[in-house]
Each structure stands twice: as C-alpha cells, then as structure tokens.
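**Q** Attaching a single structure in structure tokens format; questions to follow.
The values are calculated or read from the model by the stated rules, or taken from the named source; none is laboratory data. All of these numbers come straight from a predicted model, not from anything done at the bench. With ideal geometry, Cβ positions are generated from the backbone for all residues, glycine too; neighbour counts draw on all protein chains shown.
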Amino acid sequence: MNQFLYEGKAPNVKEMTEQALEAGRDVDEILQDGLIAGMSVVGEDFKYNRLYVPQVLIAARAMKAGMAVLKPLLTKSGGGRSAGTVVMGTVKGDLHDIGKNLVCMMGEGAGFEMVDLGVDTKVETFMEAAREHRAGIVGMSALLTTTMPYMKVVINAFQEEEDLRDVVICVGGAPVSEMFAEEIGADGYAADASSAIELFQKMYPVATTASV
C-alpha cells in the first residue's frame, strides 16, 4: 500500500484499503501503517527534491482515496490518533493557494486534522475557525509582499483574546522569511510544505488549546 500510494495509484490504494478491512485489520493500523507511513516518505522525498509538486499532489490524491474508505469507520469508532487540529488560510487580499493546499494535503498525510479556510482570509475567519475547531495551530500563507503585513494583524488580534493567546501561529510563503516571522511575533516559520509539517509536529505539544 505504501508503494502504491507513493506512486499515486489511487484505485490500488482504495482496493488495498478495502481488502485490509475485509481481512480484519484494525482501522487505525491501516491509517497509520498504510496511509500515513506512505505519505511521510513522500514528504521526505519532496523535502530533498526527489519528488516535485505534481507527484506529491498525485500521491495525496491516492491517500485521499484510502481515507475515503476509512473515514466513516474512524468517525463511527472514534478511532484514529489525530496529531492535532491545524487551521490554514491564505491571508486577506491574497488569492494564491498552491503552497497552502500542499501543506493541507501533507498535513492530512501526517495525521493532522486540517481545516482549510481557503484564500483571502480575514482575521475574524481565522479566529472563528480556531475557536470552533479548538485548533492548536493556525497557519497563514502569503505570496504577495503587499499582503504580508496582514499576518501581523492576525497575530495581534489573537494576542488580544485571552482564549486564543495559546494558539501557536505559524507563517510561510515565498516572500516570507524567518526574520519577518520573528519581527511580527509569529511562533514558527516554514520555508516549504515539508518543513511546515515538521514545524507543526514540533510545535503542537505547546499548543495548549489543542483538542486531543
């Protein structure tokens, strides 16, 4: 299953997921050892330029085919060890979403519950989503230098709300740098999708508002 997922063969992944269930395999075992383990290799190879964006997107599609089979069972049993909830959005005024979408797909592949707010996301939307989903992390993306300052607006708003101060805020996007992230008071910065997932995994334990 890992190999089929890596190669982006969605029908094979779906079929093997169904076969594993029929054989009596545990739902959580299929999720962790079959889908998430396979996607983690994809993420690692993407990080070191052994795979590129199109291949990652195809692999993510294959993972989703398997997830579609497991999701009703995970919901029913309350199973599936979630790595935590992450809210993601491209900031207000910015309509670019390829990087954000990649982070969301790879985040799901790493076991996170990803809440995708889309593009042109206002501060109020980030705050509502963080509260509604009890997110431990909020991730913001920007591709335009003109929209980068809005990240600071969101960070300030979260700091002003007592119940949102502990939410970890991470930023990224082509023009965003680690120095800029520090200047605006972000908790974390990632240069690419693979680094973002590593950052989420590293930062999540300090996200005290996370739903576990």
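**Q** Looking at residue 119 and the list (1) crowded, with 19+ Cβ neighbours inside 10 Å; (2) in a loop (DSSP other than H, G, I, E, B), which single condition is not satisfied?
**A** Among (1) crowded, with 19+ Cβ neighbours inside 10 Å; (2) in a loop (DSSP other than H, G, I, E, B), the lone unmet condition for residue 119 is (1).
**Q** Could you run through region 180-212 and say how many residues are of a type in the set (Gly, Ala, Ser) and at pLDDT 95 or above?
**A** Residues in region 180-212 being of a type in the set (Gly, Ala, Ser) and at pLDDT 95 or above: 5 in total.
**Q** Do any residues in region 141-163 that are assigned to a loop (DSSP other than H, G, I, E, B) have Cβ atoms under 9 Å from those of residues that are basic (Lys, Arg) and modelled with pLDDT of 95 or more, where the two are at least six apart or on different chains, and which pairs are they?
**A** Here the result reads 147/92; 161/131, each pair linking region 141-163 to a residue that is basic (Lys, Arg) and modelled with pLDDT of 95 or more.
**Q** Which of (1) under 22 Å from residue 200 (Cα atoms); (2) part of a helix (DSSP H, G or I); (3) touching a Leu at 6+ places or on another chain (Cβ under 8 Å) does residue 87 not meet, given it meets every other one?
**A** Tallying (1) under 22 Å from residue 200 (Cα atoms); (2) part of a helix (DSSP H, G or I); (3) touching a Leu at 6+ places or on another chain (Cβ under 8 Å), residue 87 fails exactly one: (2).
Conditions (1) crowded, with 20+ Cβ neighbours inside 10 Å; (2) out of contact with any helix residue (DSSP H, G or I) (no Cβ under 6 Å at 6 or more places or on another chain); (3) outside the structural domain of residue 50 (by TED's automatic domain parsing), marked per residue:
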{"position": "124", "(1), (2), (3)": "no, yes, yes"}
{"position": "140", "(1), (2), (3)": "yes, no, yes"}
{"position": "147", "(1), (2), (3)": "yes, yes, yes"}
{"position": "152", "(1), (2), (3)": "no, yes, yes"}
{"position": "163", "(1), (2), (3)": "no, yes, yes"}
{"position": "166", "(1), (2), (3)": "no, yes, yes"}
{"position": "171", "(1), (2), (3)": "yes, no, yes"}
{"position": "180", "(1), (2), (3)": "no, yes, yes"}
{"position": "198", "(1), (2), (3)": "no, yes, yes"}
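**Q** Do you know which residues across region 181-200 are closer than 11 Å to residue 106 by Cβ and part of a loop (DSSP other than H, G, I, E, B)?
**A** The one that is closer than 11 Å to residue 106 by Cβ and part of a loop (DSSP other than H, G, I, E, B): 192.
**Q** Contact list please: Cβ distance under 7 Å, first residue in region 185-198 and free of Cβ contacts under 8 Å to residues at least 40 places away in the same chain and over 22 Å from residue 57 (Cα atoms), second residue part of a loop (DSSP other than H, G, I, E, B) and not aromatic (Phe, Trp, Tyr), pairs at least six apart or on different chains.
**A** 189/176
**Q** Tell me which residues, restricted to region 1-34, are at pLDDT below 90 and not charged (D, E, K, R).
**A** 27, 31, 32
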